[in-house]
Structure formats: C-alpha cells, structure tokens
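Novice: Have a look at this one.
The values are calculated or read from the model by the stated rules, or taken from the named source; none is laboratory data. In this text the structure is predicted, and so the values were computed from the model without any measurement. Please note: Cβ atoms are built from the backbone with ideal geometry, for glycine as well, and neighbour counts cover all protein chains shown. We work out accessible area using only protein heavy atoms, side chains counted, and drop any ligands, DNA or RNA first. Shrake-Rupley method; radii C 1.70, N 1.55, O 1.52, S 1.80 Å.
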Amino acid sequence: MTSQQSSLAVAARIVWCACVLLATVLTTSCSAPSDNTVEVDLKQGRSAAEYNTLTLQHAINNVSYQGGGELRLPAGTFYFSWNHEDEWSSYAIIMRDNVSIVGAGMSETFLMPLGSYSETGEAEHGVDMFSYDGTKTNKYLVNADFSDFTIDGSATKGGPDGYNASGKGFFFTLFKDCDWKRVKVMNTDGTGFGADYPVNCTMVDCIATQCGKNATAESVGASGFGVGIGYSEEESMFIENCASYDNTKYGFFFEHQTIFDNPATKASKAEGYVVRDCSASGNLYNFGGNRANDVRFVACTSDTSTSPERESYTRSAFQFHNYSTRISVEGGAISQRYEDVSEQDECYEALSWALACNVAEVGSRGYNDFRPYDAATRGEVAVFLWRYAGRPGEVFFGPRVVFDNPTQDVSFKSYYAEAVRWLKADGLSVSDPFRPQDPITYREFATLLWRYSQLLDSPESMASDAAQSADGMHSTRSEAKKTSEHTAAGDAADAVAWAHRYDILPFDESADELDAACTREGIIRMLCAFDRIKA
C-alpha cells in the first residue's frame with residue numbers, strides 16, 4: 001500500500017467513525033422519551049462488531065453524562081470488537097455511572113465479544129465484554145444495572161501462550177449500588193462475573209456456565225462467579241437464586257486480594273457477602289474461598305453435573321483454604337454422598353446435615369469414605385468443630401506469609417493447623433504437644449463442646465466473632481448462655497451433666513461409655529444435636 005493509499009484509508013476510516021457517532025447521536029436524541037429510555041441501534045453479523053462497540057459505548061457515555069437512563073438492546077446476536085487494551089486485558093465496553101442496560105431476554109439478546117477482527121487484528125488477551133477499573137482513581141462505579149441478556153464468549157481467544165485470567169463477561173473493580181437480574185454469561189476465557197470490591201450490590205436469577213473454557217482445572221480465576229475482596233470494610237454483595245455449572249474451577253468463589261500482594265487490600269473485615277438459594281454443579285469446587293472472610297452460604301445446593309462427560313468432575317462441594325475465616329454454611333443440600341454410609345445407618349441424618357453445612361466434606365477424589373465407626377483423632381475433631389464454628393481465625397496478609405507451628409507436634413502445613421491454632425487462641429486446647437493422632441473420649445468432647453458454647457458470649461473470642469458474622473446467630477448465642485448458667489466453667493462433670501440435659505451425648509446417663517474413644521459418627525451426631533438446641 002502506498003503512503004497516499006494509506007492516508008486515504010485513514011481518512012475514510014475517520015469519516016466512517018464520524019458517521020457512526022453522528023448516527024448514534026441522532027438515534028439517542030430521537031429515541032429517548034421523557035423517562036430517558038434509549039433504544040440502541042445494534043446490527044447483526046460479525047462485520048458490524050466495530051459499529052456495535054462504538055454505538056453502545058457512545059450511548060453509555062451520553063446517557064451517563066446526561067444524568068443517567070436506560071439503554072434497551074434489541075433481540076438478536078450482536079458481535080463486539082475490542083477497542084481498549086491495557087497490561088492485563090482487552091475489553092469491549094467501559095461502563096459508566098447511572099446507566100441500566102436491558103436486553104429483550106436472556107434467551108433473546110446475545111452479546112458476543114470478538115477476540116480478533118479485520119480492523120485491528122488479534123487481541124493480546126482474552127476480551128472482557130464489560131469493564132470498569134476504579135483502582136487507579138479510587139472512584140467507584142455507581143448505579144450500573146444489567147438485565148435480560150446473555151454474554152457468549154465463544155468467539156474470543158485467550159493469550160497466545162494459553163489461558164490467562166482475562167476474558168470475562170464482566171470485570172469490575174470498585175463498584176457500588178450495581179445490580180444484575182436475569183443475566184447469563186457463558187463460554188468465556190476467564191471468570192464469568194468478575195467482581196472486585198463491591199459495595200451494596202446484588203445478583204439475582206443469573207447464570208454462569210463454561211467459564212474458563214481454555215483453562216486447566218488448576219488454573220487461577222476460571223470461576224462462574226468470582227468476587228475479589230479486601231479493599232473496604234463496607235464491602236457487601238447479595239447473590240440469590242443464581243446457578244453456576246460446568247465451569248473449570250469454582251462455581252461461587254471469594255478471594256482476598258492480598259494473595260496478589262496488592263497494597264490497597266488492607267481490610268480484614270467486611271459488611272458481608274451472602275450467597276442464598278444458589279445452585280452449583282459440575283465445577284471443580286462448587287463453592288469456595290481463598291483467604292476469604294465474612295461470607296454466608298444459605299440454603300445452597302451442590303449437585304453433580306448433568307453433562308455425562310463431567311459427571312465425576314467435581315472434587316468437593318466446598319473448598320475454603322489459606323486462612324479463610326468467618327465462613328458460614330447454613331442449610332442447603334448436596335448430592336454427593338459417602339459410599340460407606342447408607343440411609344439405614346443411625347448417623348445418616350446427622351451426616352447429611354454435616355455435609356450440607358460443610359462440617360464434613362465429600363467429593364469425587366479421595367473423600368468417598370467417611371469411616372463412621374473409626375475412632376476420631378484429636379486432629380479430626382479440631383477440624384470438625386472449627387468448620388462448624390465458622391472457621392474462626394484471622395485473615396493473614398501478604399502472598400508469602402510464614403507461619404509458626406501451632407504446637408511442637410503440629411506443623412503449620414497440616415490440614416488441622418488452622419483449627420489447632422484457633423483452639424489454642426480461644427483457650428479451648430492448651431496442651432503442647434497437642435497429640436493430633438490420639439483418640440478423644442466422649443467426656444473430653446462434651447467438655448470441649450461445652451466450653452465452646454460459653455465462648456459464644458465472650459465478645460473478645462474468635463468463636464464469638466465468627467458467630468456474629470452470620471445473621472440469625474444471635475438466638476444461638478443467647479441459648480448457649482442459658483444452657484451454661486447452671487454450670488461452673490472448666491468442670492468436666494458439669495459439662496457432662498449439661499450434655500446429658502440437652503441430649504447431646506448419643507447415649508443415656510446410665511451408659512458406661514463416657515471414657516470410651518469417640519467415633520467419627522459420634523462426633524457428628526453430637527455436633528448435630530448441639531446445633532439443634534441453638535435453632
């Protein structure tokens with residue numbers, strides 16, 4: 001191409017873009033009624049990708065500048081080109097304040113970002129459909145709402161070296177009072193709904209599926225709903241009646257951003273995040289968190305995938321690690337079951353409860369047997385009680401935190417290290433060495449459980465802190481106080497009397513089993529009985 005031809009091509013492109021913007025202005029000004037609702041003129045076909053991006057972006061900018069309004073998208077399949085790129089990602093649309101984007105229906109309006117197109121070539125990263133990053137200015141995106149459309153990322157591409165965390169349906173950082181209703185995200189390179197540092201936001205009746213399509217199971221970030229936390233103690237988000245299935249890693253996932261050595265993430269508490277009446281299936285982990293805090297999962301369902309090729313893909317229903325704390329799993333149900341416990345077993349009901357509230361865990365790889373009649377070790381008991389208590393503890397900052405061993409015989413790398421650390425910090429276990437492989441008797445566990453119940457009324461305790469992070473736990477704490485009024489702290493005989501009074505022990509007072517080794521099913525039945533007196 002000669003320099004003259006190149007100049008003509010550039011001039012033609014400028015004229016074309018100017019025409020697009022002029023047409024958009026006319027469409028916006030002529031289509032907006034008194035309630036500031038705008039019908040956005042999108043066009044179908046891959047060749048319209050750049051037109052659609054310019055048209056929608058201008059409409060968003062214009063309506064936001066005028067104080068806010070609603071943009072209505074027609075039914076159809078609409079491609080979008082990426083026209084923004086930074087160090088980490090490429091994206092099609094930058095969102096603005098006070099704008100609602102409404103489609104014709106989740107099964108009617110489809111938005112498809114392109115990873116490459118003729119005008120600019122191939123994006124270096126996966127392409128986010130909607131993006132907003134307020135961390136550079138510390139400015140929140142405010143009052144951006146979305147409803148009734150689907151984002152399909154099947155036409156995007158990851159980076160040339162394979163999967164990276166970019167390529168999301170939504171990638172928002174710092175956003176407030178934003179709502180999603182009846183929005184579906186599918187076939188994206190990265191997380192479907194990527195939400196960092198939300199304040200007073202909601203997602204209702206939304207779906208995420210096949211997110212992380214180019215990722216391996218262990219890749220970071222390939223989740224259906226992924227919430228980054230830790231910027232502000234005001235953070236809160238409510239996710240209700242949403243479904244997340246057949247995504248590469250997590251269905252619903254919360255992650256404190258200190259794992260990325262982010263100096264802006266200093267908040268160790270939050271107003272709270274609630275996932276209610278949501279379902280997850282066919283993800284590697286259906287529900288989870290990494291150094292997460294103040295999250296409630298209420299009446300959620302973990303199921304196996306309906307896709308035959310992913311039937312055994314899910315490793316476990318819940319997975320919280322790296323000092324996640326104040327995590328409440330309440331009610332709900334999971335379809336995963338132990339192979340060595342049947343409906344005829346005496347512990348079946350208690351174990352179903354334990355699975356549904358993440359006291360016990362089961363998955364497709366190595367967790368299929370519960371071993372109900374094996375003697376429970378002190379390490380196992382510590383973990384059962386710790387999970388039940390909401391994983392009390394601390395959120396530790398820094399990506400490479402080095403921990404001391406909780407006791408001389410418990411390594412900080414062991415699966416019960418966090419539980420033992422909490423027991424020591426709250427005064428529930430003071431022995432050093434801890435003897436994690438030794439069995440525990442019914443008398444010892446009744447005493448441990450009784451002392452835990454008293455901690456719920458000690459505001460300075462980690463146990464009380466974890467209990468208060470979940471709404472509806474106040475009745476639990478008052479009941480624990482009533483049951484302990486008749487006892488003297490620290491006396492094992494009083495603890496046993498208390499446990500018999502409230503039918504927590506799985507045998508009557510005349511039975512001579514108090515000093516026998518407590519079985520694993522005995523621990524679960526006692527925890528379940530204790531939970532009932534608090535209900």
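Novice: Taking all pairs of distinct Cα atoms, average 1/r, flip it, and tell me the Kirkwood hydrodynamic radius of the chain in Å to one decimal place.
Specialist: 25.2
Novice: Over the chain, average the accessible area per residue using a 1.4 Å probe and give it in Å², no decimals.
Specialist: Per residue, the chain has an accessible area of 42 Å².
Novice: Between residue 135 and residue 508, 0.36 nm times their residue separation minus their Cα-Cα distance comes to what?
Specialist: 128.2 nm
Novice: Taking H placed 1.01 Å from N in the peptide plane, check which residues at least 5 places from residue 329 or on another chain put their amide H under 5 Å from its amide H.
Specialist: When sequence neighbours closer than 5 places are left aside, the close amide H contacts are 297.
Novice: Right, next: Sort out the exposed loop trypsin sites (Lys or Arg not before Pro) in the chain (DSSP loop, at most 13 other Cβ within 10 Å) and tell me the longest stretch that has none.
Specialist: That gives 1-135 as the longest site-free run.
Novice: Oh, and also: Normalising by the residue count of the chain, find the relative contact order in percent from Cα pairs under 8 Å and 6+ residues apart.
Specialist: Here the relative contact order equals 7 percent.
Novice: Measure off 7 Å from each Cα along the Cα-to-Cβ vector at residue 340 and residue 108, then give the distance between these two points in nanometres to one decimal.
Specialist: The modelled label-to-label distance comes out at 5.5 nm.
Novice: Another question, then. Going through region 55-119, which chymotrypsin sites (Phe, Trp or Tyr not before Pro) have at most 16 other Cβ atoms within 10 Å and a DSSP loop state?
Specialist: 88
Novice: Long-range amide H contacts for residue 109: which residues qualify at under 5 Å (H placed 1.01 Å from N, peptide plane, sequence gap of 5 or more or a different chain)?
Specialist: Answer set, sorted by chain and number: 76, 104, 150.
Novice: Would you please give the residues with an amide H less than 5 Å from that of residue 185, counting only those at least 5 places away or on a separate chain, with H modeled from the backbone geometry?
Specialist: Correct list: 151, 207, 208, 209.
Novice: Oh, and also: Given a 1.4 Å probe and every protein chain left where it sits, what share in percent of the accessible area of the chain is carbon and sulfur?
Specialist: Summing carbon and sulfur atoms, their accessible area is 49 percent of the total for the chain.
Novice: Using Cα pairs closer than 8 Å and at least 6 residues apart in sequence, work out the relative contact order for region 148-307, in percent.
Specialist: So the answer I get is 18 percent.
Novice: In whole angstrom, note down how far apart the Cα centers of region 304-340 and region 358-433 are.
Specialist: Rounded to whole Å, the Cα centres lie 19 Å apart.
Novice: For residue 533 and residue 43, compute 0.36 nm times the residue count separating them, minus their Cα-Cα distance, and round to one decimal in nm.
Specialist: Taking 0.36 nm per residue and subtracting the Cα distance, the gain is 170.3 nm.
Novice: Based on DSSP H assignment, which helices of the chain show an axial Cα extent of at least 27 Å together with a mean Kyte-Doolittle hydropathy greater than or equal to 1.0?
Specialist: In the chain, the long hydrophobic H runs are 3-31.
Novice: Another one. To check you understand DSSP bridge types, tell me what percent of the beta bridges within the chain (both residues inside) are antiparallel, rounded to 5.
Specialist: So the antiparallel bridges amount to about 10 percent of the total.
Novice: Can you give the helix-only mean residue ellipticity at 222 nm for the chain, where every DSSP H stretch with n ≥ 4 adds -39500 (n - 2.57) and the sum goes over all residues, rounded to the nearest 500 deg cm²/dmol?
Specialist: Computed mean residue ellipticity for the chain: -8000 deg cm²/dmol.
Novice: Still on this structure: Rounded to the nearest 0.05, what FRET efficiency is calculated for residue 441 and residue 181 with R0 set to 60 Å and r the Cβ-Cβ distance?
Specialist: 0.65
Novice: Moving on. Report ³J(HN,Hα) in whole Hz for each residue of region 272-277, in order, from the Karplus equation J = 6.51 cos²θ - 1.76 cosθ + 1.60 where θ = phi - 60°; Gly and Pro get x.
Specialist: Once rounded to whole Hz, the list reads x, 10, 10, 10, 10, 6.
Novice: HN-Hα J couplings of region 66-75 from phi, Karplus 6.51/-1.76/1.60, θ = phi - 60°, integer Hz, Gly and Pro as x?
Specialist: Per-residue couplings from phi come out as 7, x, x, x, 10, 9, 9, 9, x, 6 Hz.
Novice: Could you run the Karplus curve 6.51 cos²θ - 1.76 cosθ + 1.60 with θ = phi - 60° over region 335-342 and give me ³J(HN,Hα) per residue in whole Hz, x for Gly and Pro?
Specialist: For region 335-342, the Karplus-derived couplings read 7, 5, 9, 6, 6, 9, 10, 10 Hz, x marking Gly and Pro.
Novice: Tell me the relative contact order for region 64-158 as a rounded percent, counting alpha carbon contacts under 8 Å between residues six or more apart.
Specialist: Computed value for region 64-158: 35 percent relative contact order.
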